[in-house]
Amino acid sequence: MKQFLAFVRKEFYHVFRDRRTLFILFGMPVAQILMFGFALTNEVKDSKIVIMDQSQDRATQQIISKIEASHYFKIQQNIVSPKQIEEEFKKGKIKMALIFPSNFYNDLMHLHTAEVQVIADASDPNVATTVTNYISAIILEYQHNLNLNLNLPYRISTEIRMLYNPQQKSVHSMVPGVMALVLMLVCVMMTAISIVKEKETGTMEVLLVSPLRPMLIILAKAIPYLLLSFINILTILVLSVALLGLPINGSILLLIAVSTLYIIACLSLGILISIKTSTQQDAMTISLMGMLLPTVMLSGFMFPIENMPVVLQVISNIVPAKWFNIIIKAVMIKGLGFGAIWKEVLILTGMTIFFLVVSLKSFKIRLA
Amino acid sequence: MDVVSAHNLTKIYGKDKVTAVNGVSFTVSKGEIFGLIGPDGAGKTSIFRMLTTLLLPENGTATVGGLDIQRDYKQIRKQIGYMPGRFSLYTDLTVEENLNFFATVFGTTVKENYDLIKDIYIQIEPFKKRKAGKLSGGMKQKLALCCALIHKPDVLFLDEPTTGVDPVSRKEFWEMLKRLKTQGITILVSTPYMDEAVLCDRIALMQKGTILSINTPQAIINKLPDRLFAVKAGNMYDLLRTLQRNTNISGSYSFGEYVHVVLSPSGISPEDVQSYLQQQGLTEIEWKKATVTVEDCFIKLLRE
């Protein structure tokens, strides 16, 4: 036990004396959560639009003020000729143009129908779709209010509710993804490198010629990273709640428990990599190429797995982050209990045991 | 009693079947300083790694402290101290931290075995708060020796402990080994420096994975049957060329500022060589009898 503690203390010395390690451990999670939370978002906010209002009556004024009130748009300027609109699009400054024809209110009142033209810059189709949807919603709402006092014979009104994430904030799907990514990075890469480093610098040679059991060496290497990852999870959660306004709907204890399981899964993967490689370079390449990319691409955090080709869907099953992503969304955002995630928890546990068994079996008690 | 005994030890590396150690046998008795002497690539490190249970031999057997290196590796690892050829301590840990770490790993404390390392540790103690990576070459080796000694091993394996160390520190290092010997510790040491060979009790001269000769340094020197002379001349290059042209001379090679001339016991007389050199027009000839060193024996063995 004393040997073990001395070893763990030594590992902490290594971590705290290496600035690069410290940065990856603590700087990166914070930077990533802030980046994904604030900068890299797929929401369309404050899109610049121009409005050409040829009618300038009660109705158009009301619609424009509604648009102005929403935080989705920023009305650039009032335009008088269609030519100007084209110029604005060509400059690439606006995402959309809205054109009210003359006599808008009169047509609406007397002919019971009025037209409004929406022109969107579809060079980015996602943005174009999103902004036209927003604007349609605003106009529909106005129309709905007009009809409140009228009795129309037939009408289907669709009532949409966005469950769990009513405002469809991207932060909600980003935070679990970032957690999966950061933990993958810290646990897999850092653990793998720290063990391989001993091989490379020759200290492993001395450790092997000592009464230390291999199991003990590996465990002592993993413990500091387990603790540090734990701190990382707490940091990410505190940041997400305090800065990004992310709700934690489920049990915090369950959330921490499943995160710890994922950490252990990653640690055992890191250990496995370190045992199979002999240089820091190799360990880093495998952790980055072999682990980080699938985590980003195939965990369902960036791209929905359902839309992928079958082959990729099958491959995604061996990515631990995929299961963690499902678990954490269920617990954190949907607020579900253990009953809903036991299957995924079982899969992660199985993976962990597999990695550990293979590691122990292939740990070399000699140099070659 | 033999503390270390190797029998027909063979090590072959990789797919190319490079034979690093080829059927080496030797024994080391308790409290002996046994030296493996040879150039780089002679197989010294491979032998050390096999004896320290880090590598398995392809052929042959060996015991350390009566334990088989293959079967009883766990027990052997408790009883030996090993200092690899490359500096293998934690460079980001201080001198003190390194020592404490290795003491704990081997289930002991610095305090418990301080007597053993005291002489050595005193020299690096002023720098105990310094990171091991910032120490000079000699101090690094002293620290590594302390770490290898801290658990009071029965056998100490030192792989080229003085390579890259200044002459003064080298001398100190060997004095320390002599003192350790008096404590009953058996020491196996390897070195590429021939002048260190005489400091061992017994040496094995090695070349290309085989042992050329095993004996005490003095016996190896005494066994050289040839007459050995040291020669100097105005033009050293011409001198060497001229000597090598004469087939009656067994051997000639540069040795420091002299050229060593080897004459077989019953061959050409030194006077004849001297007059031969004068005939060939060499000037300022200085001729004297040379004391035989291990290096001369090694060169002789290599030529055979």
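The values are calculated or read from the model by the stated rules, or taken from the named source; none is laboratory data. A quick note: this is a predicted structure, and the numbers were derived from the prediction, not measured. Positions of Cβ are generated from backbone atoms using ideal geometry, with glycine treated the same way; all protein chains shown enter the neighbour counts. In case anyone asks, the SASA skips ligands and DNA or RNA and just uses the protein heavy atoms, side chains included. Shrake-Rupley method; radii C 1.70, N 1.55, O 1.52, S 1.80 Å.
Within region A:217-252, how many residues are over 30 Å from residue A:205 (Cβ atoms), open to solvent by 10 Å² or more (accessible area, probe 1.4 Å) and among the β-branched types (Val, Ile, Thr)?
So the count comes out to 6.
Would you be able to tell me the number of residues in region B:87-107 that are without any contact (Cβ under 8 Å) to a residue 12 or more places away in the chain, open to solvent by less than 10 Å² (accessible area, probe 1.4 Å) and more than 7 Å from chain A (Cβ to nearest Cβ)?
Residues flagged as without any contact (Cβ under 8 Å) to a residue 12 or more places away in the chain, open to solvent by less than 10 Å² (accessible area, probe 1.4 Å) and more than 7 Å from chain A (Cβ to nearest Cβ) within region B:87-107 amount to 0.
Which ones in region A:298-310 are outside any loop (DSSP other than H, G, I, E, B) and free of Cβ contacts under 8 Å to residues at least 12 places away in the same chain?
Those that are outside any loop (DSSP other than H, G, I, E, B) and free of Cβ contacts under 8 Å to residues at least 12 places away in the same chain: A:306, A:307, A:310.
Which residues, counting only those in region B:261-279, are open to solvent by 40 Å² or more (accessible area, probe 1.4 Å) and touching a residue at least 40 places away in the same chain (Cβ under 8 Å)?
Scanning region B:261-279 gives a single hit, B:265.
Yes or no: region A:259-278 includes at least one residue that is without any contact (Cβ under 8 Å) to a residue 24 or more places away in the chain and either open to solvent by 30 Å² or more (accessible area, probe 1.4 Å) or under 18 Å from the mean Cα position of the chain (by Cα) (or both). Walk me through it before giving the result.
Let us first name the residues in region A:259-278 that are without any contact (Cβ under 8 Å) to a residue 24 or more places away in the chain, namely none.
Within region A:259-278 (the criterion being without any contact (Cβ under 8 Å) to a residue 24 or more places away in the chain and either open to solvent by 30 Å² or more (accessible area, probe 1.4 Å) or under 18 Å from the mean Cα position of the chain (by Cα) (or both)), the answer is no, since none of the residues qualifies.
Is it the case that region A:216-231 has a residue that's at pLDDT below 90 and in contact with a Lys or Arg (Cβ under 6 Å, 6 or more places away or on another chain)?
no
I'd like to check something: does region B:72-86 contain any residue that is among the small types (Gly, Ala, Ser) and either within 30 Å of residue B:131 (Cβ to Cβ) or open to solvent by less than 20 Å² (accessible area, probe 1.4 Å) (or both)?
yes
Listed here are the residues, each with its yes/no results for (1) part of a strand (DSSP E or B); (2) more than 22 Å from residue B:294 (Cα to Cα); (3) in contact with a His (Cβ under 8 Å, 6 or more places away or on another chain); (4) within 12 Å of another protein chain (Cβ to nearest Cβ).
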{"site": "B:19", "(1), (2), (3), (4)": "yes, yes, no, no"}
{"site": "B:22", "(1), (2), (3), (4)": "yes, yes, no, no"}
{"site": "B:25", "(1), (2), (3), (4)": "yes, no, yes, no"}
{"site": "B:31", "(1), (2), (3), (4)": "no, yes, no, no"}
{"site": "B:34", "(1), (2), (3), (4)": "yes, no, no, no"}
{"site": "B:41", "(1), (2), (3), (4)": "no, no, no, no"}
{"site": "B:49", "(1), (2), (3), (4)": "no, yes, no, yes"}
{"site": "B:56", "(1), (2), (3), (4)": "no, yes, no, yes"}
{"site": "B:62", "(1), (2), (3), (4)": "yes, yes, yes, no"}
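Looking only at region B:4-22, which residues are open to solvent by less than 50 Å² (accessible area, probe 1.4 Å) and either more than 19 Å from the chain's Cα centre (by Cα) or at pLDDT below 90 (or both)? It would help to see each step written out before you state the result.
Of region B:4-22, the ones open to solvent by less than 50 Å² (accessible area, probe 1.4 Å) are B:4-6, B:9-11, B:20-21.
Within region B:4-22, B:10, B:11 meet the criteria.
Tell me which residues, restricted to region B:276-304, are within 17 Å of residue B:258 (Cβ to Cβ), under 21 Å from the mean Cα position of the chain (by Cα) and of a type in the set (A, V, I, L, M).
Within region B:276-304, B:292, B:294, B:299 qualify.
Are there any pairs, at least 6 apart or on different chains, whose C-beta atoms fall under 6 Å, with the first in region A:1-24 and within 11 Å of chain B (Cβ to nearest Cβ) and the second among the charged types (D, E, K, R), and if so, which?
As it stands, the answer is A:17/B:92, since those pairs meet every condition given.
Spot the failing condition for residue B:239; the list is (1) surrounded by 16 or more Cβ atoms within 10 Å (Cβ to Cβ); (2) outside the structural domain of residue B:170 (by TED's automatic domain parsing); (3) within 30 Å of residue B:145 (Cβ to Cβ), and only one is missed.
(3)
What are the pairs with Cβ atoms under 6 angstrom where one residue, in region B:151-170, is under 21 Å from residue B:118 (Cα atoms) and the other, located anywhere, is open to solvent by 10 Å² or more (accessible area, probe 1.4 Å) and hydroxyl-bearing (Ser, Thr, Tyr)? Sequence gap at least six, or different chains.
B:151/B:108; B:157/B:82
At least 2 residues that are over 30 Å from residue B:101 (Cα atoms) in each: list the helices (runs of 4 or more DSSP H) lying fully within region A:6-90 that qualify.
Values: elements: A:19-22, A:28-34, A:58-69.
Result: A:28-34, A:58-69.
Which residue out of B:200, B:147 is open to solvent by less than 10 Å² (accessible area, probe 1.4 Å), within 14 Å of chain A (Cβ to nearest Cβ), under 19 Å from residue B:48 (Cα atoms) and not basic (Lys, Arg)? Walk me through how you get there before you give the answer.
Values: B:200 fails: within 14 Å of chain A (Cβ to nearest Cβ).
Of B:200, B:147, the one residue that is open to solvent by less than 10 Å² (accessible area, probe 1.4 Å), within 14 Å of chain A (Cβ to nearest Cβ), under 19 Å from residue B:48 (Cα atoms) and not basic (Lys, Arg) is B:147.
Please state which of the following conditions residue A:349 fails to meet, knowing it meets all the rest: (1) at pLDDT 90 or above; (2) at positive phi.
Residue A:349 satisfies every listed condition except (2).
Would you mind telling me which numbered condition in (1) under 34 Å from the mean Cα position of the chain (by Cα); (2) assigned by TED's automatic domain parsing to the domain that holds residue A:122; (3) buried (at least 19 other Cβ atoms within 10 Å of the Cβ) residue A:79 fails?
Of everything listed in (1) under 34 Å from the mean Cα position of the chain (by Cα); (2) assigned by TED's automatic domain parsing to the domain that holds residue A:122; (3) buried (at least 19 other Cβ atoms within 10 Å of the Cβ), residue A:79 misses just condition (1).
So, in region A:187-216, how many residues would count as being open to solvent by 60 Å² or more (accessible area, probe 1.4 Å) and acidic (Asp, Glu)?
The number of residues fulfilling the criteria is 1.
Residues that are outside any helix (DSSP H, G or I), within 14 Å of another protein chain (Cβ to nearest Cβ) and open to solvent by 60 Å² or more (accessible area, probe 1.4 Å): does region A:350-366 have at least one?
yes
Which residues, taken from region A:91-109, are at pLDDT 85 or above, open to solvent by 40 Å² or more (accessible area, probe 1.4 Å) and either not in a loop (DSSP other than H, G, I, E, B) or not assigned by TED's automatic domain parsing to the domain that holds residue A:60 (or both)?
A:105, A:106, A:107
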